[in-house]
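Engineer: What follows is a structure written as C-alpha cells; I'll ask about it next.
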C-alpha cells in the first residue's frame, strides 16, 4: 500500500475524538476536565488511564504508555501506523488517498468488495456444485480430513473449469471489468474478453488483518501446473505484508505469545482444526523479515515449523537471514525469540498433527531449539570433529553464523557452545569469527560495528519530569513559547529529543490541540507519545505563565547543581597541593555557582510568598 499524505493524516486525527474512540471499548468517567478509566493495556483495579480532551492525548500512569488517537488504535488493535489511520478514516467516513497507488479509499473498498464477492461465488460452487470438478474438489478436501464444516468455517471454495464463470457472475453484480483485472480476479485475453484468473482449483481466501478478503490461493485439482497459484500483487494485496490465517490467529498469538509459521494453507487449517490456533502461513514465498516484524506485534516467540524432508531442511537453513541483533538480549523490548522445529520423517505439519495428535505437535513447538543453536548444529555437522581437518571445516562454517552477532551476549555464550562441541578453546573460535568478519568487510566495504545504536529505556528523573511539564505547557499555551525559546537558548533542556520537540512546538506558531499534533508529528514522529507522559496537574490559562516561570527556575537550579557536581568531581580527582592552581579555580567556580543557586532559591521563595 502507498504512503498516506500528511494532510490526510491530519484530517483523520482532527476528525477522531479521542474520548469517543476510547469509550468504544473502555468505560470512562469525567473528573474535572479530564476523563479517567481502567487501562486497557494492563490489569489494574484503580483507574490510572487519563484522557485530556484539550490536547487529545492519553496516558497511563500504571504502564507509562501514552500518545494520541492514532497511537491508541495501534496499541488497542495491534496495528501499524498506516493501518490505524485507515481504520480511523473509515470510522470518520473520510476518504484518503495513498500516494503510489493512485487509488482513493473508496476505490480500494470496491476491490475488497469484489474479492469478497468472489469468495462467496467460489464457496457456493464448492458446497453445492454438481459438476465433476466440484465433486473432485470436495473429495480432495475430504482426503485431507476437511469436511463441510471446515469448508464453511474457513470459507473454502472451488473455481470452476469454465474460463469466464466468475467474471460473468461478478459483472452481473456491478463489478466493472477494470476492477476485476485490478483485483487479479480476471485477465484480459488477446481479443479483449475477460478470462477468470483461477479455474479448476480448490480456493483458499486470503484475508487482511481486519478479516477482509483481499486475495486467493488456489490448489489445482488433479494434474496441472502450477500446483499452487496465488494472486499477484494488487493495490489491496502485498505478499510481504500478509500471512494466511493471521486474521483468525491474531488473538491466540497475543494470548500465547507464540507464533507458529508453516508453509501451506492446509497446514494452517489442520492445526487450527486441532486446536492450535496460533498458526499462520506464508503466501507462496519464504518467510521474510517483514513477516517477522508483523508477527512480533502480537508475539515475541516465532517458531518456524518445517517439513522433515530435505526441502524443509533447506528452508530452515534459509532462516539464517533472521539472525541479527534483534535476536540478542541487547535488543530488549525489540527482541524476537526465533526458533525452528522440524517435523520428524518426511511428513508435513497437517499429516503429522492428524496422525500424531495436537499434543505431539505442541511438544515439538515447546522443545524447538533457538534458531542460532539449530543453525550452529547444522554447520557443526559439516565437518568430522574427530579429525583436525573436519574440525577446521566445522569451525569456519560455525564462525560464519556467529560473525553477524559478534560482540553480543548471545554470541559470547555460543562461542563457548561451539568451543565445547569442537574441543577447542574460546580464543580459537574468537579468532575464526574475526577472520570471517574481516573477509566479509573486504568483500562488502561494511564497517566492523554494524550494530544500531539503541537507546535504553530509563527511569524518569526529576529533570526529565520538569522537562515534560515544560513541553506540555508549551504545547497547550502558546503564550509561554517565547520563554520556552529562552530555555533552549540557555541549553537548559538537556535531553536532545525533548529539546528538538520543544523547538518544533515553538515553530508551530499559535497552533494547539490536534492541529499542533499533526504539525509536529510530521516533523518528529512519536511526539504525541512523549507529550502524553506530562503531568495530570496542568494549570488553567491564568496560571500558565507563572507556573511556566517556576518550571524554568527549577531547570536553572537543576542545571546549576549539575555544574556544581561536575566541579566537585573534578576537585576530587585533583591533588590540592600538586594541582593547587587548577584546584583553586574549580573551588572558586563552584562557590560562585552556589551563590547563584542560593539567589535562584531566594527569588523562587519570594515569588511563592507573593503568589500566596
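The values are calculated or read from the model by the stated rules, or taken from the named source; none is laboratory data. Note that the structure is a prediction, hence the values are computed from the model and not measured. Cβ placement follows ideal geometry from the backbone for every residue including glycine, while neighbour counts extend to all protein chains displayed.
Engineer: Here is a check on your reading of the model: is residue 217 in contact with a helix residue (DSSP H, G or I) (Cβ under 8 Å, 6 or more places away or on another chain) and at pLDDT below 90? Please lay out each step first, then the result.
Structural biologist: On the way: in contact with a helix residue (DSSP H, G or I) (Cβ under 8 Å, 6 or more places away or on another chain): yes; at pLDDT below 90: no.
Considered against the rule, which asks whether it is in contact with a helix residue (DSSP H, G or I) (Cβ under 8 Å, 6 or more places away or on another chain) and at pLDDT below 90, residue 217 comes out as no.
Engineer: Then there is this: Identify all residues within region 475-513 that are within 23 Å of residue 540 (Cα to Cα), in contact (Cβ under 8 Å) with a residue 40 or more places away in the chain and surrounded by 19 or more Cβ atoms within 10 Å (Cβ to Cβ); write none if there are none.
Structural biologist: Across region 475-513, the qualifying residues are 475, 476, 477, 480, 484, 487.
Engineer: Is there a residue being modelled with pLDDT under 80 and in a loop (DSSP other than H, G, I, E, B) anywhere in region 228-241?
Structural biologist: no
Engineer: Another question about this same structure. List every residue pair whose Cβ atoms sit under 6 Å apart, with the two residues 6 or more apart in sequence or on different chains, where the first one lies in region 214-233 and is loosely packed, with under 13 Cβ neighbours inside 10 Å and the second, anywhere, is in a loop (DSSP other than H, G, I, E, B).
Structural biologist: These pairs meet every condition: 232/184.
Engineer: So which residues in region 246-282 are surrounded by fewer than 18 Cβ atoms within 10 Å (Cβ to Cβ) and outside any helix (DSSP H, G or I), if there are any at all?
Structural biologist: Residues satisfying the conditions are 257, 275.
Engineer: Going by the structure shown, is residue 258 without any contact (Cβ under 8 Å) to a residue 60 or more places away in the chain and farther than 20 Å from residue 79 by Cβ? Walk me through how you get there before you give the answer.
Structural biologist: On the way: without any contact (Cβ under 8 Å) to a residue 60 or more places away in the chain: no; farther than 20 Å from residue 79 by Cβ: yes.
Against the criterion (without any contact (Cβ under 8 Å) to a residue 60 or more places away in the chain and farther than 20 Å from residue 79 by Cβ), residue 258 does not qualify.
Engineer: Does residue 395 satisfy the condition of being assigned to a helix (DSSP H, G or I) and either within 19 Å of residue 340 (Cα to Cα) or modelled with pLDDT under 85 (or both)?
Structural biologist: Numbers: assigned to a helix (DSSP H, G or I): yes; either within 19 Å of residue 340 (Cα to Cα) or modelled with pLDDT under 85 (or both): no.
The answer is no for residue 395.
Engineer: Then there's this: How about region 463-521: which of its residues are on the phi < 0 side of the Ramachandran plot and part of a loop (DSSP other than H, G, I, E, B)? Spell out the reasoning first.
Structural biologist: Here is the first cut: in region 463-521, the residues on the phi < 0 side of the Ramachandran plot are 463-490, 492-508, 510-512, 514-521.
Within region 463-521, 477, 490, 492, 493, 494, 495, 508, 510, 511, 512 qualify.
Engineer: Could you check region 90-107 and list, in sequence order, the residues that are within 24 Å of residue 175 (Cα to Cα), within 24 Å of the chain's Cα centre (by Cα) and at pLDDT 80 or above?
Structural biologist: Result: 90, 96.
Engineer: Step by step: first the residues of region 283-310, then only those that are at pLDDT 85 or above and assigned to a strand (DSSP E or B), then the one that is surrounded by the fewest Cβ atoms within 10 Å (Cβ to Cβ). Which residue is that?
Structural biologist: 301
Engineer: The conditions are (1) more than 27 Å from the chain's Cα centre (by Cα); (2) over 19 Å from residue 301 (Cβ atoms); (3) outside the structural domain of residue 278 (by TED's automatic domain parsing), and residue 413 fails exactly one of them. Which is it?
Structural biologist: Unmet for residue 413, out of (1) more than 27 Å from the chain's Cα centre (by Cα); (2) over 19 Å from residue 301 (Cβ atoms); (3) outside the structural domain of residue 278 (by TED's automatic domain parsing): (2).
Engineer: With respect to residue 326, is the statement that it is modelled with pLDDT under 80, within 23 Å of residue 241 (Cα to Cα) and in a helix (DSSP H, G or I) true? Give the steps one after another, and end with the answer.
Structural biologist: Numbers: modelled with pLDDT under 80: yes; within 23 Å of residue 241 (Cα to Cα): yes; in a helix (DSSP H, G or I): yes.
It is true that residue 326 is modelled with pLDDT under 80, within 23 Å of residue 241 (Cα to Cα) and in a helix (DSSP H, G or I).
Engineer: Sticking with this one: Please indicate, with yes or no, whether at least one residue in region 561-581 is surrounded by 15 or more Cβ atoms within 10 Å (Cβ to Cβ) and at pLDDT below 75.
Structural biologist: No - not one qualifying residue is present in region 561-581.
Engineer: Further question on the same structure: From the list 424, 470, exactly one residue is under 30 Å from residue 481 (Cβ atoms), at pLDDT 80 or above and more than 28 Å from the chain's Cα centre (by Cα). Which is it? Don't jump to the end; show me each part of the working.
Structural biologist: Values: 424 fails: under 30 Å from residue 481 (Cβ atoms).
Only one candidate passes the filter, namely 470.
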